[in-house]
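The structure under discussion appears below in the form of structure tokens.
Every read-out reported here was derived from the displayed coordinates using simple, explicitly stated rules and does not represent laboratory data. Not measured: the values here are computed from a predicted model. Cβ sites come from the backbone with ideal geometry, for glycine too, and all protein chains shown count toward neighbours.
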Amino acid sequence: MSGTTILLLYLGMAAVTYLARRAFLRLPGNFFSPRLKNGLAFIPIGIFAGLIFPSLFVQEGSLVWQPVFLMASVVCLAAMAWTRNVFVSFGSGLALVVVISLFS
């Protein structure tokens, strides 16, 4: 493909994405049912899980068991449920990985 074709593809994809999101935001507040709103609230959690789980269980294309990362993710989730603070939860999980790495 030529550079012009790729640029036009990027611009087209950007326009479609922008218009779809803009139209979604312009809908009235009572357009969606409470059940659908509740389901849409779980989208960020699903995206986060999709980003995190492969790093926990897949390495070089095969499934691996990494108990340090698994334990750190459990600590992170527990801290998030307890404090409702993103920085505290991620910091506690990261601190656990650092401490275990230093002493092993």
| task | Identify all residues within segment 76-104 that are under 21 Å from Q59 (Cβ atoms) and surrounded by 13 or more Cβ atoms within 10 Å (Cβ to Cβ); write none if there are none. | result | C76, G93, L94, L96, V97, I100
| request: Answer with yes or no whether F57 is of a type outside the set (A, V, I, L, M) and touching a residue at least 24 places away in the same chain (Cβ under 8 Å). | output: no
| Would segment 24-33 turn up any residue that is part of a helix (DSSP H, G or I) and of a type in the set (K, R)? | no
| query | Given the structure, is F31 among the aromatic types (F, W, Y) and either surrounded by fewer than 10 Cβ atoms within 10 Å (Cβ to Cβ) or within 22 Å of the chain's Cα centre (by Cα) (or both)? | reply | no
| Residue count, segment 41-60 (criterion: surrounded by 10 or more Cβ atoms within 10 Å (Cβ to Cβ) and of a type in the set (A, V, I, L, M, F, W, C)) | 9
| request: Being on the phi > 0 side of the Ramachandran plot and in a helix (DSSP H, G or I) is the filter here, so list the residues in segment 62-104 that pass it. | output: none
| request: Name, by its number, the condition in (1) of a type outside the set (S, T, Y); (2) outside any loop (DSSP other than H, G, I, E, B); (3) within 22 Å of the chain's Cα centre (by Cα) that does not hold for L11. | output: (3)
